[in-house]
1. Regarding the range 1-9, can at least one residue be identified that is touching a residue at least 40 places away in the same chain (Cβ under 8 Å), exposed (fewer than 12 other Cβ atoms within 10 Å of the Cβ) and in contact with a Ser or Thr (Cβ under 9 Å, 6 or more places away or on another chain)?
2. The conditions are (1) among the small types (Gly, Ala, Ser); (2) farther than 20 Å from residue 39 by Cα; (3) touching a strand residue (DSSP E or B) at 6+ places or on another chain (Cβ under 7 Å), and residue 149 fails exactly one of them. Which is it?
3. On the given criteria, is residue 109 in contact with a Lys or Arg (Cβ under 8 Å, 6 or more places away or on another chain), polar (S, T, N, Q) and more than 25 Å from residue 36 (Cα to Cα)?
4. Among the numbered conditions (1) surrounded by fewer than 17 Cβ atoms within 10 Å (Cβ to Cβ); (2) within 13 Å of the chain's Cα centre (by Cα); (3) part of a strand (DSSP E or B), tell me where residue 40 comes up short.
5. Take the conditions among the acidic types (Asp, Glu), at pLDDT below 90 and either open to solvent by less than 40 Å² (accessible area, probe 1.4 Å) or within 16 Å of residue 9 (Cβ to Cβ) (or both) and apply them to residue 141. Does it pass?
6. Please go through the range 33-68 and give me each residue that is within 21 Å of residue 158 (Cβ to Cβ) and out of contact with any Gly (no Cβ under 6 Å at 6 or more places or on another chain), ordered by number.
7. Identify all residues within the range 95-121 that are touching a residue at least 40 places away in the same chain (Cβ under 8 Å) and open to solvent by less than 60 Å² (accessible area, probe 1.4 Å); write none if there are none.
8. Take the range 1-17 and flag every residue that is over 20 Å from the mean Cα position of the chain (by Cα) and polar (S, T, N, Q).
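The values are calculated or read from the model by the stated rules, or taken from the named source; none is laboratory data. These numbers come from a predicted model, not from an experiment. All Cβ positions, glycine included, derive from the backbone under ideal geometry; neighbour counts span all protein chains shown. Note: accessible area is taken over every heavy atom of the protein model, side chains too, but ligands, DNA and RNA are not part of it. Shrake-Rupley method; radii C 1.70, N 1.55, O 1.52, S 1.80 Å.
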Amino acid sequence: ISYSIHDIPNEKIIENVQEGIFEIGICFEPQFRHQLKFEPLFNEDFIAVLPKSHPLAEQKSISLSTLCALPFVTLQKPSIIRHFVEHACIKHNVVLDLKVECHQISSLSHFVAYGMGVSLIPRNFQNFIRSDHVVLIEIDESYTSLPVGVIYKKDFDLSNISSEFIQTILAHNFNLEQ
């Protein structure tokens, strides 16, 4: 039995499960999952990332509509985070002023630190962001979250170890409050 854990982008996890390269994956809920089963684990909310020098950097929270109206740094398509940002802009009737597109959240935070724009990241990434030149600010709206869960192919017999892993992780209480 061989079992490994890979830290790869959300979209690559979905692709690898669909292609049978991975039996299971943990990721944001896929938009299109006709052949996939998604078992939710928890909801991941988002926080704003602004340069420390930004005029709004002293605020305790910011609205999503205000954030979306500012010059923006985000991940490249087809990132689920990019989709979330674009959907938020549409919902608030704001045209996204996209300044920089990145592959990784670490790059995104560097561009924000250099003053290229503001951004939005999943809360669980906040511990990986250096706060020397950026601030993390709460978002006012409560609907700024996406489900994270386990995915696997619907019509595929999982190995015993994958089935046990799924049962174990689904039984876990993910209290992400810190």
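1. Yes, the conditions are met somewhere in the range 1-9.
2. Every listed condition holds for residue 149 apart from (2).
3. Values: in contact with a Lys or Arg (Cβ under 8 Å, 6 or more places away or on another chain): yes; polar (S, T, N, Q): yes; more than 25 Å from residue 36 (Cα to Cα): yes.
Taking the combined requirement at face value, the residue satisfies it.
4. (2)
5. yes
6. Selection gives 33, 34, 35, 36, 37.
7. Result: 108, 109, 112, 113, 115, 117, 118, 119, 120, 121.
8. 2, 4
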